[in-house]
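Down below is the structure, laid out as structure tokens.
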Amino acid sequence: MKRIVECVPNFSEGRDTAKIDAIIAAMREVRGVYLLDHESDADHNRSVVTLAGEPEPVAEAALRGVGKAAELIDLTKHSGAHPRMGATDVVPFIPVDGVSIEDCVALSKKVGREIWERYKIPVYFYEAAAQRPERANLENIRKGQFEGLLVEVPKNPDRAPDIGNAALHPTAGATVVGARKFLVAYNINLNTSDLEIAKKIGKNIRFSNGGLRYVKAMGVDLRARNLAQVSINMTDFEQTPLHRVFEMVKREAERYGVSIVGSEIVGLIPKRAIEITADFYLQLENFSPAQVFENRIAASLSGVAPAEGPGKLASLAMPFLDAVAEPSATPGGGSVAALAGALGASLGQMVASLSRKKKSQAAFVDQLSDALSQLQAASKMLSEAIDRDSASFDHVMAAYKLPKETSNEQVQRDAAIQLALQGAATVPLEVARRSAEVFEVLGRLEPISSPSMHSDVRVGRLMAAAGARGALENVAINLESITDQAFTTRLKSEAAAISARVAAA
């Protein structure tokens, strides 16, 4: 199976088409890399390019784009509505198929080192690749932008880059590299040129100011169109879907006497995000992604029967049961725990979907829809974690097999083992955290669901609690071999908190 990674480099040039074309041409020179999309915005003075392919070719393409941007873009002469600190401002890697977030972290670290070695552009790591907690958030790194950081970085050790000298490149600035989940860049335009209104709305809806979880937002002045825009990054479209963001911006805009005149997606968007929004607005009953024509075709071509297709239920479960029963280390308890949590979420989806149809529950339609959205996101994450947990264990085994003949090899092997063990502890912690969320959502679901399905809700809660507790067992056993005390203390603290959340089961 091919390993597919996505990379979405953002370049600080959205007006000079010759420069943009040259940057894209440099990346397209790498064989095995697919240019899926590129968009430029003159007001933002920024271009967003979407690449996909095997990890190594994609990494090389991104590096060539960084180099060409450094040649062509001079930030001392750059202006635009979008914040920036580098000619290549940000280079995120996103897992697509056969690749974990941990793999993307390793890839981002490699690319970061190469950017410094090839072009002498300092690098900061963000999101899952962040080396300091406060740098997980891009806004914290980019505060002050190019002009401010040019002065501050040499003087303030706290603002020093993760790789490279404590000084920005004089014209190309610094680049932020990292690994993250799929991000939806979503902009909503208002029928006003008052930038302050857009800024206030952005402040009210973003999570850092108490707004929507998984939402980052700011106000942008679209001078060419005489409009103000709320520019939004959605870091988890399943937990906080498009329609929820749109409706909140709409309500906030009404407070200021303005309305929405249009919205846009920058770059690409998963089909799943559109399906969730369509389900909400059309109020489809018993809607399933398998009803989408393209999904059914893809399932047929891959030989995978749709979920509601013919066949005995036992035949669906047997391959996984057989795999667990095999005399091999994976899949093991971690994958089983993830499956338990996913089953709890799936039961909750069934209950919420059916309850929405009943007249007796009409007063709770909005709450049931919210619960359904949350459980759908949890089910997807937990089902993906079945493979991620096995992969994390395989990384540990691979690290133990590294050579250790010389002292240098021993040091490298020990470091690789510790990094792999941290990954093997982090994945089940995520499973436990999400399973606990499922447990709590199901607890809120029971009073508003049809009484005839209360037993299904309770079974779901038991499965979610089992998933959380089982995952925590995997966290604990991996922490025993990890030497980083700060890491183990942090994970033990969160594990204890999660355990308390499901104690009522």
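The values are calculated or read from the model by the stated rules, or taken from the named source; none is laboratory data. Here the structure is a predicted model, which is why all the values come from computation and not from measurement. Ideal geometry is used to build each Cβ from the backbone, glycine not excepted, and the neighbour counts take in all protein chains shown.
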Scanning the stretch 354-364 residue by residue, those at pLDDT 85 or above and either assigned by TED's automatic domain parsing to the domain that holds residue 106 or surrounded by fewer than 23 Cβ atoms within 10 Å (Cβ to Cβ) (or both) turn out to be 354, 363, 364
Selected residue (criterion: surrounded by the fewest Cβ atoms within 10 Å (Cβ to Cβ)) from residues of the stretch 184-216 that are of a type in the set (Gly, Ala, Ser) and closer than 24 Å to residue 10 by Cβ:
208
Qualifying position, being more than 21 Å from residue 383 (Cα to Cα) and in contact with a helix residue (DSSP H, G or I) (Cβ under 8 Å, 6 or more places away or on another chain), among 476, 496
476
Options 148, 173: the member that is in contact with a Lys or Arg (Cβ under 8 Å, 6 or more places away or on another chain) and farther than 23 Å from residue 55 by Cβ
173
From the residues in the stretch 69-108 that are buried (at least 21 other Cβ atoms within 10 Å of the Cβ) and charged (D, E, K, R), which one is modelled with the lowest pLDDT?
102
Hey, can you tell me all the residues within the stretch 150-204 that are assigned to a loop (DSSP other than H, G, I, E, B) and closer than 17 Å to residue 216 by Cα?
180, 181, 182, 183
Which ones in the stretch 326-353 are of a type in the set (S, T, N, Q), under 26 Å from residue 433 (Cα atoms) and at pLDDT below 90?
330, 353
Which of the helices (runs of 4 or more DSSP H) contained wholly in the stretch 241-320 include at least 3 residues that are in contact with a Phe, Trp or Tyr (Cβ under 8 Å, 6 or more places away or on another chain), modelled with pLDDT of 85 or more and assigned by TED's automatic domain parsing to the domain that holds residue 226?
242-255
Any idea which of (1) β-branched (Val, Ile, Thr); (2) more than 26 Å from residue 95 (Cβ to Cβ); (3) part of a helix (DSSP H, G or I) is the one residue 141 doesn't satisfy?
(2)
The correct count of residues that are of a type in the set (D, E, K, R), within 20 Å of residue 451 (Cα to Cα) and out of contact with any helix residue (DSSP H, G or I) (no Cβ under 6 Å at 6 or more places or on another chain) in the stretch 339-388 is 5
Only one residue in 496, 468, 486, 500 is surrounded by fewer than 22 Cβ atoms within 10 Å (Cβ to Cβ), among the aliphatic types (A, V, I, L, M) and closer than 30 Å to residue 353 by Cα. Which one?
500
Is it fair to say residue 57 is surrounded by 23 or more Cβ atoms within 10 Å (Cβ to Cβ) and either in contact with a Ser or Thr (Cβ under 9 Å, 6 or more places away or on another chain) or free of Cβ contacts under 8 Å to residues at least 40 places away in the same chain (or both)?
no
In the stretch 88-106, anything among the aliphatic types (A, V, I, L, M), touching a Lys or Arg at 6+ places or on another chain (Cβ under 8 Å) and not in a strand (DSSP E or B) is listed as 99, 101
Return the pairs, sorted by first residue and then second, in which the second residue is assigned to a loop (DSSP other than H, G, I, E, B), the first residue lies in the stretch 18-44 and is among the hydroxyl-bearing types (Ser, Thr, Tyr), the beta carbons are less than 7 Å apart, and the residues are 6+ apart or on different chains.
40/14
If we scan the stretch 145-153, do we find a residue that is surrounded by fewer than 20 Cβ atoms within 10 Å (Cβ to Cβ), modelled with pLDDT of 95 or more and on the phi > 0 side of the Ramachandran plot?
yes
Residue 336 being within 16 Å of residue 456 (Cβ to Cβ), of a type in the set (Val, Ile, Thr) and over 22 Å from the mean Cα position of the chain (by Cα)
no
Just checking, which of 44, 82 is touching a Lys or Arg at 6+ places or on another chain (Cβ under 6 Å) and in a loop (DSSP other than H, G, I, E, B)?
82
What's the total number of residues in the stretch 5-25 that are more than 24 Å from residue 138 (Cβ to Cβ) and among the hydrophobic types (A, V, I, L, M, F, W, C)?
3
